[in-house]
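Heads up, the thing below is written out as structure tokens.
Just so you know, all these numbers are worked out from the coordinates, no wet-lab data involved. Since the structure is predicted, the reported quantities are computational estimates derived from the model, not experimental observations. Cβ coordinates were reconstructed from backbone atoms using ideal geometry, including for glycine residues, and neighbour counts include every protein chain displayed.
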Amino acid sequence: MRTSRWIGLFLVIVAGVGLLAADSLRSRTTAAEQAPASAAASKFQPVDDSMHEFMEYQFQPTYLRLKAAMAKPPTDRAGWKPIKADSMILAEGGNLLLIRTPAKGGAEWNKWSIAVRTRGGQLYRAAKKQDYPSAQTHYRAMLTSCNACHKAFAKGKHQLKP
């Protein structure tokens, strides 16, 4: 009788250790599955290689919202919010443009991408201060940079208006 108790206790301990080991293995597998498969997986990969698609869906809707928001001076914080949001999106879009530098004309592309990032950032900071005259100045300067790039890379098409 005593021996069967020890055997039973031993089997319970072995089963417990087995369950703990299986749970630990499952946790490690889950963590490994969540990690990138390789360093290459964590590098920039465009969703769509088409620059036209990128511009149409990343920049155009943001520009159109910002154009409407900048049409007249905001009267309250709620009026400044879309200006801040869209100017930040466009400024950060300049960073996205930098990682899409074309093989031909890369230096000029980067110049205009940095200008969009800089002007968009200036517009964002003016909007944070609720300074409409300064915001207008930076908004127009950003559009000038966009248009210069469109002139160089889109044969002058897609000129933006404030």
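Couple of notes before you dig in:
- Remark: segment 105-112, residue by residue, has Karplus-estimated 3J(HN,Hα) of x, x, 5, 5, 4, 5, 4, 6 Hz, where x stands for each Gly or Pro and the curve is 6.51 cos²θ - 1.76 cosθ + 1.60 at θ = phi - 60°.
- Ordering of 123-133, 82-92 by packing is 82-92, 123-133, highest average first (other Cβ atoms within 10 Å, averaged per residue).
- For LEU160, nonlocal amide neighbours, meaning residues 5 or more places apart or on other chains whose placed amide H falls under 5 Å from its own, are ASN147.
- In this entry, segment 28-127 is assigned a mean projected area of 9.3 nm², taken as a quarter of its C-alpha convex hull surface.
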